[in-house]
Amino acid sequence: MGSNKGVRNLFIFGSLFFFVILIVLTFDTLSKLPGRAPEITEDVNAGKMAWHKYDCIGCHTIFGNGSYFAPDLTKTTDKKPEAYLKRFLIDPKSVNPKASMPKLGIMPEEADQIIVFLKWIAKVDTNDWPPKPILAGAAGVGGRELTAGERLYQSSGCSECHMINGIGGTTAPDLTHIGNTRDKAWLFGHFKNPPAYTPDSAMPAVEASDGEIEQLTEYMLTLK
Amino acid sequence: MTIKYKSQKIAESFYTFSILLFLVQVLVGIIAAVQFIWPDILILNFNTIRTLHINALVVWLLAGMMGATYYVVPEESETETWSVPLAKLQFWATVLAVTAVIIGYIWMGLSPQANSLVLGTRLLNEGREYIEAPRWADILIVISVLLFLFNNFMTMLKTKKWTGIQGTLLGGLTVLALMYLPGMFYTKSMVEDQFWWWWVVHLWVEGAWEVIAGALLAFMLMKLVGVKREVVEKWMYVEVGLVLFTGILGLGHHYYWIGTPKYWLWVGGIFSSLEPIPLLIMVWDAFRTTREARVVTNKAGLYYTVAHAIFNFVGAGLWGVIHTLPQVNKWTHGTQITTAHGHLAFYGAYVLLVLSIIYVTLPALRGVKEFNSSRALQSFWWMTISMVFIVLTITGAGMVQTYMERLMGLDYVAVKSTYNLWFWIFRVIFGIGFLIGVAIFVKDYFKIGKEPVSAAERG
Ligand code: HEM
Ligand SMILES: [Fe+2]
């Protein structure tokens, strides 16, 4: 035993030394956190409580930590409109029949609070995580000049929900062959007022001039 | 061979409880894997199944370590456990609390509204991974662990034989208990929530638990091949020392992207890349010691012990270090790469550790000198080959996910449901292979010492 005393003491005091450094860094970090995120209101906290209540972390990640069964929610509110998210949270399949997120029984006011909470999350300074996809250009149209309709499609965030040729979101119908199934009048009218064409539609109306919507419709009709 | 002290027998109760939960863990794990393909296959959603999977894992490993401690401390202290009734009480209290918590998870899974707020805390599920157990259960767990520590410290005090092994073992266990506390209070900030959550998770698996593993490894090497205490203990101190010197600040590798300051990229990157070093020393230690062995009566024990050292290094060390630098982690963070590492690390570092200590101590507990090791080796290969393939499968899925989702910007669900579909199918198949290995192990556990060993089967 005796001859190991030195190495034993090195183990004990060395570990304590590193632990003390950790404590110092912890104090420093805690003091800097408020400056790296917006203020936490009552609603943000209520949203966080609901987040824990339904065990969202059991399927999703947030800040990249959690379960890997469902998408990361750090920046969701930057991508999807509030009204859409609210409907999705309350009843996912009413928005997207293929959704595998179950109906958890989230109440409307809880959905509002969760969205406020997720908006808070989206504003936290995460040292630029998640990173912008560096190969996204490769998945584009390969050098060809975009048409006006295509440009509007890209700038309006349609691809957050819809997919064309494998690129885009999965929470709304795939538009790869939409030109085969819908005609001009339907598309135009639907863009201006989705619920008038699809009962209970969760798609946000397109905010653009009639001329632009016309161009968007033309683009849709080319997708066959 | 029989146990030297009657009270060591209590270890067996913990082992039995432990491996029953192991079986539960693997069964629900297979369900979780199937849910990646068919999410609605069961009334219980994925989150509930996963909660059961990871909680069963943590609890059975802890129960195994407790059993090991009740075996090791009397042996090292050369006396009976301070209080056997207390140990029994602590055992049954643990079984009861764990059962209540499991019922609570299932109840919450069936009706989420039942997870109501009582005295400011959630009644059934705290909604934080690994530490889902509600606050009332946290308190019971802490009491149980305190009783356990108290009992073993009292045993040590009886003879005051301060051996390095039991000192390190109980030191690791004390830190383990202390590091549960940072997960026991509510914070309004999700950033702070994750900050303290990682104290629990990281300082457990890369701190306290690894110290316990170092102590048990030393004990097993001593028992298996009869190396001198002085030598094993010296290397044990080197190993657990380096574990903590690198692992404590290695915590920073979880503070890159959760809203904490940027200096953690440096602290976490530097210290966590050094974490594999002590794990490599453990491998070398295991090989060096066992090569000198002349007569080995417990072949299964030796096999598992050496495998534990190797896979601790591969799973925790190698599969950990590949994504630990911030420049890499930025792209792989929160993908299936993490899952792959989590599986191989837990398997190598702790599943094999608990199974080794069971094989090393069980013959004495059952009062036999030798046992037929063929089933032990069979289950080892079923489990290990299956686990290696599970991990390769998920690593593949993680590479595809990192490339398509993180680098190309494709949609999460699209990657999961189309590009990665075959990986999920293979994972289920290898999962069933793993279950076969567990079933053989469970059978072996109940048979050892209860069937005659013929001369031909020995060794
Ligand atoms: C000793 C046993 C270890 C175990 C049981 C273990 C287990 C785990 C688990 C389960 C996770 C995922 C946590 C979650 O659910 O979010 C994780 C994450 C991680 N581990 Fe380990 N680990 C061990 C050692 C190590 C070592 C030695 C390293 C580095 C050298 C390491 C590096 C990492 C990193 C970088 C992550 C974060 C992954 C991400 O960004 O998503 N681990 N570990
Ligand atoms: Fe870690």
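The values are calculated or read from the model by the stated rules, or taken from the named source; none is laboratory data. Model, not experiment: these values are computed from the prediction. Ideal geometry is used to build each Cβ from the backbone, glycine not excepted, and the neighbour counts take in all protein chains shown.
Out of A:Met107, A:Met49, A:Met101, report the one residue that is within 12 Å of chain B (Cβ to nearest Cβ), surrounded by fewer than 17 Cβ atoms within 10 Å (Cβ to Cβ) and among the aliphatic types (A, V, I, L, M). Don't jump to the end; show me each part of the working.
Working: A:Met49 fails: surrounded by fewer than 17 Cβ atoms within 10 Å (Cβ to Cβ); A:Met101 fails: surrounded by fewer than 17 Cβ atoms within 10 Å (Cβ to Cβ).
On inspection, the qualifying residue turns out to be A:Met107.
In segment B:371-410, which residues are more than 30 Å from A:Trp129 (Cα to Cα) and in a loop (DSSP other than H, G, I, E, B)? Even if it seems obvious, please write down each step before you answer.
Step one: of segment B:371-410, the residues more than 30 Å from A:Trp129 (Cα to Cα) are B:371-389.
B:Phe371, B:Asn372, B:Ser373, listed by residue number.
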If we ask which residues in segment A:160-178 are surrounded by fewer than 18 Cβ atoms within 10 Å (Cβ to Cβ) and under 19 Å from A:Glu214 (Cα atoms), their number turns out to be 2
How about segment B:193-225: which of its residues are without any contact (Cβ under 8 Å) to a residue 40 or more places away in the chain and either hydroxyl-bearing (Ser, Thr, Tyr) or out of contact with any helix residue (DSSP H, G or I) (no Cβ under 6 Å at 6 or more places or on another chain) (or both)?
B:Trp204
Scan segment A:198-211 and report the pairs whose first residue is assigned to a loop (DSSP other than H, G, I, E, B) and whose second residue is hydroxyl-bearing (Ser, Thr, Tyr), with Cβ atoms within less than 6 Å and a gap of 6+ or a chain change.
A:Ala202/A:Tyr84
Matching residues in segment B:321-356 - criterion: being near ligand 1 (Cβ under 8 Å from one of its atoms), over 19 Å from B:Leu302 (Cβ atoms) and in contact (Cβ under 8 Å) with a residue 60 or more places away in the chain
B:Thr324, B:Asn329, B:Thr332, B:His333, B:Thr335, B:Ile337, B:Thr338, B:Ala345, B:Phe346
When you go through (1) at the interface with another protein chain (Cβ under 8 Å from one of its Cβ atoms); (2) in contact (Cβ under 8 Å) with a residue 60 or more places away in the chain one by one for A:Phe19, which number turns out not to apply?
(2)
Among residues belonging to segment B:324-370 that are part of a loop (DSSP other than H, G, I, E, B) and surrounded by fewer than 21 Cβ atoms within 10 Å (Cβ to Cβ), point out the one that is nearest to ligand 2 (Cβ to nearest atom).
B:Leu325
Residue list for segment B:232-265, restricted to those being assigned to a helix (DSSP H, G or I), away from ligand 2 (no atom under 16 Å from the Cβ) and touching a residue at least 40 places away in the same chain (Cβ under 8 Å)
B:Val232, B:Glu233, B:Trp235, B:Met236, B:Tyr237, B:Val238, B:Glu239, B:Val240
Given the structure, is A:Thr61 facing chain B (nearest Cβ under 7 Å), surrounded by 15 or more Cβ atoms within 10 Å (Cβ to Cβ), under 14 Å from the mean Cα position of the chain (by Cα) and at pLDDT 95 or above?
yes
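Go over the candidates A:Asp55, A:Asp28 one by one and state the one that is of a type in the set (D, E, K, R), buried (at least 19 other Cβ atoms within 10 Å of the Cβ) and facing chain B (nearest Cβ under 10 Å). Show your work before the answer.
On the way: A:Asp28 fails: buried (at least 19 other Cβ atoms within 10 Å of the Cβ).
The unique qualifying residue is A:Asp55.
Could you count how many residues in segment B:396-405 are closer than 14 Å to B:Thr338 by Cα, out of contact with any Ser or Thr (no Cβ under 7 Å at 6 or more places or on another chain) and crowded, with 20+ Cβ neighbours inside 10 Å?
Our first condition is that a residue be closer than 14 Å to B:Thr338 by Cα; within segment B:396-405, this holds for B:396-402.
Add one more test, that the residue is out of contact with any Ser or Thr (no Cβ under 7 Å at 6 or more places or on another chain), and what stays is B:396-397, B:399-400.
From the residues that got through so far, the ones that are crowded, with 20+ Cβ neighbours inside 10 Å too are B:397.
Matching residues across segment B:396-405 total 1.
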Please find, within segment A:170-190, the residue that is farthest from B:Met408 (Cα to Cα) out of those that are without any contact (Cβ under 8 Å) to a residue 40 or more places away in the chain and within 14 Å of chain B (Cβ to nearest Cβ).
A:Pro173
For A:Ile57, are the conditions met, namely being in contact with a strand residue (DSSP E or B) (Cβ under 6 Å, 6 or more places away or on another chain) and part of a helix (DSSP H, G or I)?
yes
Reported set for segment B:188-214 where residues are facing chain A (nearest Cβ under 9 Å) and away from ligand 2 (no atom under 16 Å from the Cβ) is B:Lys188, B:Ser189, B:Met190, B:Val191, B:Glu192, B:Asp193
